[in-house]
1. Starting from region 286-299, keep only residues that are hydroxyl-bearing (Ser, Thr, Tyr), then list their pairs with residues that are buried (at least 18 other Cβ atoms within 10 Å of the Cβ) and in a strand (DSSP E or B) whose Cβ atoms are within a distance under 9 Å, requiring at least 6 positions of separation or different chains.
2. Look at Arg254 and say whether it is farther than 19 Å from Leu68 by Cα, without any contact (Cβ under 8 Å) to a residue 12 or more places away in the chain and charged (D, E, K, R).
3. Those residues that are in a strand (DSSP E or B) and more than 20 Å from Ile146 (Cβ to Cβ), I need them from region 163-213; list them, please.
4. For residues in region 52-78 being touching a helix residue (DSSP H, G or I) at 6+ places or on another chain (Cβ under 7 Å) and β-branched (Val, Ile, Thr), which is nearest to Ser197 (Cα to Cα)?
5. Considering only region 214-231, how many residues are of a type in the set (A, V, I, L, M), modelled with pLDDT under 85 and not in a strand (DSSP E or B)?
6. Condition first: of a type in the set (D, E, K, R) and under 20 Å from the mean Cα position of the chain (by Cα). Now tell me which residues in region 153-181 satisfy that.
7. Got a number for residues in region 327-339 being under 16 Å from Thr312 (Cα atoms), surrounded by 14 or more Cβ atoms within 10 Å (Cβ to Cβ) and not hydrophobic (A, V, I, L, M, F, W, C)?
8. Checking Thr307 against (1) loosely packed, with under 15 Cβ neighbours inside 10 Å; (2) of a type in the set (Val, Ile, Thr); (3) farther than 12 Å from Ser56 by Cβ, only one condition comes out false. Which one?
Amino acid sequence: MQTITAMPFGRSSISTVGALFFSAAIAMAGAGNRTGTAGASELLIPVGTRGIAMGSAVTATADGIDGLFWNPAGAAKTAADVTLYASHMLYIADIGVSSAAVSVNLESFGVLSLHLKALSVGDILLTTVQTPDGTGQTFSPQFFDIGLTYSRQLTDRVSVGATALLVIEQMAEVTATGVAFNFGVIYDNLVDLRGLSIGAAVKNIGPQMKFDGPGLNVPATASDQLRGEYIYKIDAIGFELPTTFELGLGYQTRIAGMHSLHVATAFQNNNFSSDQYKAGVEYGFRQLLFLRAGYDYSPSLGEDKETIFGATFGAGLHTSFGGTVVRFDYAYRAVEYFGNNHVFSVVLGL
């Protein structure tokens, strides 16, 4: 069990928060004129069933291994020595999103977490310029995000976290590899009000990615030259990562001992699309059964909406067997034009 010493919100904590907001200002700069230019969009696919069910609004209240995607600082809030996480999402267009994670609580040093997200796209017919109807061959795109997170509870109120991600995209014979970084902070019991939290996270900061590989080699002939066929290589242009800045506020309280209420809101600034406002709520009974709902809204969208996602709902069952904490969670997200998202996850706290 990790021991936390009560400390005031001192200069080091202020410096940490200040650095995060400075990074956020850089990430937000020029967001409007970069709309639609970012790549590696799989980084934006959410992981964390509880957060999805609450409308992705848990930036300030991310908790444990389930909160790694939302705010890396939340991973520090764990009582278990080792925590295991696995989930699967039925995403749009028959795409499956699988994720797994393990967190190790190293007492006063902090919490280390290793996590993986992989997309299963299925087989796609291979086409070329010469054979636009297909060559008869197929390929299966591969998308992987592999992350290492360090998080720590600095004081009884302040937790921080940082994630380094290896991003791999492979389609047929071309591959793009890059790195991304996430940073987060959560401050609990804001203005000395127990249960009130504020959090911020900057995600997907990193250099441009670029596709390369033998798939960019193209055969060509010059009709006016006395030479045979030769190969030239296409130089693919680089693309930016979908950097986001998120600021959240949340409140959690117990009612009459048996009931709990969790309300969360968040604002997300994107460098690739319109800003988003999020809200979610969770009701708990005896810390055993949980019901959740949420919504994500972009007020700047016109009649031609940029987002296809709607309201979210979910439920969770938390129990224990022989000292092992077991959590089963489910989330539902309404989707326009495609099938609705269904997310299932299990967490084991050892």
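The values are calculated or read from the model by the stated rules, or taken from the named source; none is laboratory data. None of the values given here were measured: they were computed from a predicted structure. Positions of Cβ are generated from backbone atoms using ideal geometry, with glycine treated the same way; all protein chains shown enter the neighbour counts.
1. Tyr295/Lys278; Tyr295/Gly280; Tyr295/Thr312; Tyr297/Gln276; Tyr297/Lys278; Ser298/Gln276
2. Yes; evaluated as a whole, the condition is true for this residue.
3. Of everything in region 163-213, those that are in a strand (DSSP E or B) and more than 20 Å from Ile146 (Cβ to Cβ) turn out to be Val185, Ile186, Tyr187, Asp188, Leu196, Ser197, Ile198, Gly199, Ala200.
4. Restricting to residues being touching a helix residue (DSSP H, G or I) at 6+ places or on another chain (Cβ under 7 Å) and β-branched (Val, Ile, Thr), the top hit is Val58.
5. The total comes to 2.
6. Hit for region 153-181 is Glu169, nothing else.
7. Residues flagged as under 16 Å from Thr312 (Cα atoms), surrounded by 14 or more Cβ atoms within 10 Å (Cβ to Cβ) and not hydrophobic (A, V, I, L, M, F, W, C) within region 327-339 amount to 4.
8. Tallying (1) loosely packed, with under 15 Cβ neighbours inside 10 Å; (2) of a type in the set (Val, Ile, Thr); (3) farther than 12 Å from Ser56 by Cβ, Thr307 fails exactly one: (3).
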